[in-house]
Amino acid sequence: MTQAPGVSENGRLCGACDLCCRVLRVDALAKRGGRACVHQVGNGGGCRIHAGRPRICRAYECLWLGGGLEEGDRPDRLGAVIDIVRGEGAPYLAIRQQRGGTFETSARLQAIADRFRETLPVRVTRAEDAENADRPYRVLLAAGVEQRIAGEWVEVWRSGERQSRSRMPWAERRLRALTLAWQRFRQRKMS
Ligand code: SF4
Ligand code: SF4
């Protein structure tokens, strides 16, 4: 029983891709982000428990599977899982690299980011950082502006030059501290 994780309504198939099974967190399985799922067959073999996989796995559809990217942009070829996150805050495009440095060397990932950043913030993270609740990340914004966030500090870049560096406002720092505490508590429970 080794089938690919998903088939979309538009007829696309995950096929040999199982990148989200490695990159994403699955609380129902106590699976941590950035680590292979124990149910992965490996080598593009899909999911061992396909018929009985958790609801979240059934529901998940990356942007490529949903038809939002070109046919050739399947995540395992890009080296990144891409989706639109609609949580409590404003929506953003998430580019989760399987390995750090992929985005910087991939013209295709950069072209995808350029296509979206005028209308939606593009957040670039690395799966290997998924266990680090305090991980640095980049946010690409319209008009060539970029934020580089590390800890409580935010750098603003434009056209490859740093424009400013400042500490987050108090309210954001407080929210961030609460979020980190919650993430660390959850990670301890999953260990
Ligand atoms: S990343 Fe997308 S295409 Fe790849 S297995 Fe997950 S849902 Fe399917
Ligand atoms: S249970 Fe199956 S579909 Fe879900 S993360 Fe694990 S391998 Fe992927």
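The values are calculated or read from the model by the stated rules, or taken from the named source; none is laboratory data. All values reported here derive from a predicted model rather than from experimental measurement. A quick note on method: Cβ atoms are made from the backbone with ideal geometry, for glycine too, and the neighbour counts reach across all protein chains shown. Surface accessibility is based on the protein's heavy atoms, side chains included, excluding ligands, DNA and RNA. Shrake-Rupley method; radii C 1.70, N 1.55, O 1.52, S 1.80 Å.
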Checklist entry - In region 138-184, which residues are small (G, A, S) and either in a strand (DSSP E or B) or at positive phi (or both)? => result A143, G144, A150, G151, S159, G160, S164, S166
Item to check | Condition check for E155: open to solvent by 30 Å² or more (accessible area, probe 1.4 Å), under 30 Å from G11 (Cα atoms) and at pLDDT 95 or above | outcome: no
Item to check | Given (1) touching a strand residue (DSSP E or B) at 6+ places or on another chain (Cβ under 6 Å); (2) open to solvent by 30 Å² or more (accessible area, probe 1.4 Å); (3) farther than 20 Å from L69 by Cα, number of the condition V145 does not satisfy | outcome: (2)
Next on the checklist: I need the helices (runs of 4 or more DSSP H) fully contained in region 15-97, keeping only those with at least 2 residues that are within 8 Å of ligand 2 (Cβ to nearest atom) and open to solvent by 20 Å² or more (accessible area, probe 1.4 Å).
Outcome noted: 19-23, 55-59
Next on the checklist: Residues that are within 21 Å of the chain's Cα centre (by Cα), open to solvent by 50 Å² or more (accessible area, probe 1.4 Å) and modelled with pLDDT under 90: does region 103-115 have at least one?
Outcome noted: no
Checklist outcome for this item: Being free of Cβ contacts under 8 Å to residues at least 24 places away in the same chain, on the phi < 0 side of the Ramachandran plot and among the charged types (D, E, K, R) narrows R53, R86 down to just R86
Next on the checklist: Would you confirm whether or not region 117-133 contains a residue that is of a type in the set (D, E), under 22 Å from Q97 (Cβ atoms), modelled with pLDDT of 95 or more and open to solvent by 50 Å² or more (accessible area, probe 1.4 Å)?
Outcome noted: yes
Next on the checklist: Return the residues of region 64-80 that are more than 6 Å from ligand 1 (Cβ to nearest atom) and more than 20 Å from G100 (Cα to Cα); say none if nothing qualifies.
Outcome noted: G66, G67, G68, L69, E70, E71, G72
